[in-house]
1. Return the residues of segment 78-113 that are without any contact (Cβ under 8 Å) to a residue 60 or more places away in the chain, assigned to a loop (DSSP other than H, G, I, E, B) and in contact with a helix residue (DSSP H, G or I) (Cβ under 7 Å, 6 or more places away or on another chain); say none if nothing qualifies.
2. Whether any residue in segment 118-136 is without any contact (Cβ under 8 Å) to a residue 40 or more places away in the chain, among the β-branched types (Val, Ile, Thr) and over 28 Å from Asp288 (Cβ atoms) is what I want to check.
3. Specify the residue that is nearest to Ala267 (Cα to Cα); the eligible residues are those in segment 130-153 that are exposed (fewer than 13 other Cβ atoms within 10 Å of the Cβ) and of a type in the set (A, V, I, L, M, F, W, C).
4. Quick test for you: out of Val364, Val278, Val353, Val357, pick the one residue that is farther than 30 Å from Ser167 by Cβ, in contact with a helix residue (DSSP H, G or I) (Cβ under 6 Å, 6 or more places away or on another chain), crowded, with 24+ Cβ neighbours inside 10 Å and of a type outside the set (Gly, Ala, Ser).
5. Counting only residues that are free of Cβ contacts under 8 Å to residues at least 12 places away in the same chain and at negative phi, give me the strands (runs of 3 or more DSSP E) lying completely in segment 155-266 with at least 1 of them.
6. Failed condition for Ala305, given (1) in a helix (DSSP H, G or I); (2) surrounded by fewer than 19 Cβ atoms within 10 Å (Cβ to Cβ), with all others met?
7. Of all residues in segment 1-28, which are closer than 26 Å to Asn296 by Cβ and in contact with a helix residue (DSSP H, G or I) (Cβ under 6 Å, 6 or more places away or on another chain)?
8. Of all residues in segment 44-62, count the ones that are part of a helix (DSSP H, G or I), loosely packed, with under 12 Cβ neighbours inside 10 Å and of a type outside the set (D, E, K, R).
Amino acid sequence: MTTTDDILIAVLPGDGIGHEVMAPCLEILGAVSRRLGNLSFRFETHQAGAIHYRETGVALPAATLAAARKADAILLGAMGWPEVRYPDGTEISPQIDLRMELELYAGVRPVQTLPGMPSVLADPRARHLDFVIIRESTEGLFASRGKGEVIADKQARDTMLITRKVSEPLFDYAFRLARGRQRRHGQARVTCVDKANVFASFAFFRKIFDERALLNPDIAAGHAYVDAAALHMVRRPWDLDVLVTENMFGDILSDLGAGLMGGLGFAPSADIGERHAVFQPCHGTAPDIAGQDKANPTAMFLSAAMMLEWLGEKHSNDRLALAGGLVRAAVNHAFADGLRPIETGGEHGTRHVALAVLDAMAHVDAAAA
C-alpha cells in the first residue's frame, strides 16, 4: 500500500454463510470510506474453499494464493463443508493452508463483550470482558496436518512440533500487544498456557517464553496449565489480559472465549505474520442455516475492524486506525441500542444486523471512536 487511496483487499468469501457475512462487511467498509473520506478500498474477490474443491479438485488455487501475497490484507469469510473431504477423511480448510504458506504464526482471538448483551455468567463483571487469546497458528499439533499415519488399522499417530524460530516472534508479538493494551487499560500481563508438566515440547515452549519475558521486564509474565486456564476463563475471566498458547490449545480455548461473548458469531480473529495477515470470523460455514438470513455477521465486521487497525499500525496511518475504531463504535452503538441476532435467541437476521450497524455508522462520533 502506498497511499490511503490504494488499499488492496483480497476477498475470499469461501463457503456457506461466508458469502452471507462477507457481502454486508464490504458494505460496512464502503460506508467507512465515505464517512471518513481519503480512504479508498479495492476489493478483489477470489475463489477457494470446499465447494471450489468439489467442482475443480483444488481447494486453494495458485492464482488465489498469489493474489493473497500481493494484497495489503486478506479478508476471509468461512471455508469448509462437512460432506466435502479429502481422501484421508479430513475437511477442506484452505484457511489453514494460507496460515502455513504466508507464515501467519500469531492467531489473535479477542474476547470482548458487547454492550447491552446478556452475560452467560452470573457475575456482573462478566458483562465487561476484554482479554486476548493468541494462538500459535502454524505448528504445534497442527504441524501434523496431512502427515499423520494410521498403522495397520491398530493405531494412529500425529506429532507436535514446537520451534524456536516460530515461538520467539510469537511471544514477542504477545508482549507488544500487551504493551499496547497497557496504554489503554493501565495493566498488562502475558500468560503462557501450556502443559509443561507432562510434555517435553511444552516445557520447551515455556522455556522460550521465559527467555522472551526477560527481554520485556515492563510487562508481567506468568504461566498456566491449559486445564487450569480453561477453569479460570469460566470462574474469573475478568482477571485475564493476554494468553499465548499452542495451536490446538488456542483453537479450543478461543471457542470457550466465544461462548463467553455469546457465541461464535461475535468472535473475530486475525492470523498475523511478519508481512501478511488474514482476518476472518472464528465461526464456520454453518450449513444448517446457510441461505436463510440467520447468520450473525458481527464477528465478520469486527474482523474487518481488526484489519483496519492492523493496516493502520503497519503503515503508521492514523486514518486507517480511526476507521477501525469507527467500525467498533458502530457495532457497540447498535448493540447498546437493542440489537439481538438470531444466534442469541433474538429476532434479527443477517440483513437486519448489517443495517443496524450501517445506521449507527452515520451517528457515532468518528473522532471519539
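1. Val84, Ile92
2. No, because not a single residue in segment 118-136 is without any contact (Cβ under 8 Å) to a residue 40 or more places away in the chain, among the β-branched types (Val, Ile, Thr) and over 28 Å from Asp288 (Cβ atoms).
3. If we take residues in segment 130-153 being exposed (fewer than 13 other Cβ atoms within 10 Å of the Cβ) and of a type in the set (A, V, I, L, M, F, W, C), then Val150 is nearest to Ala267 (Cα to Cα).
4. Result of the check over Val364, Val278, Val353, Val357: Val357.
5. Where strands (runs of 3 or more DSSP E) fall fully within segment 155-266 and carry at least 1 residues being free of Cβ contacts under 8 Å to residues at least 12 places away in the same chain and at negative phi, they are 155-157.
6. (2) is the only condition that Ala305 fails.
7. Within segment 1-28, Ala10, Pro13, Asp15, Glu20, Val21, Pro24, Cys25, Ile28 meet the criteria.
8. Of the residues in segment 44-62, 2 are part of a helix (DSSP H, G or I), loosely packed, with under 12 Cβ neighbours inside 10 Å and of a type outside the set (D, E, K, R).
The values are calculated or read from the model by the stated rules, or taken from the named source; none is laboratory data. Just so you know, these numbers come straight off a predicted model, no measurement behind them. Every residue, glycine among them, receives a Cβ derived from its backbone with ideal geometry; neighbour counts consider all protein chains shown.
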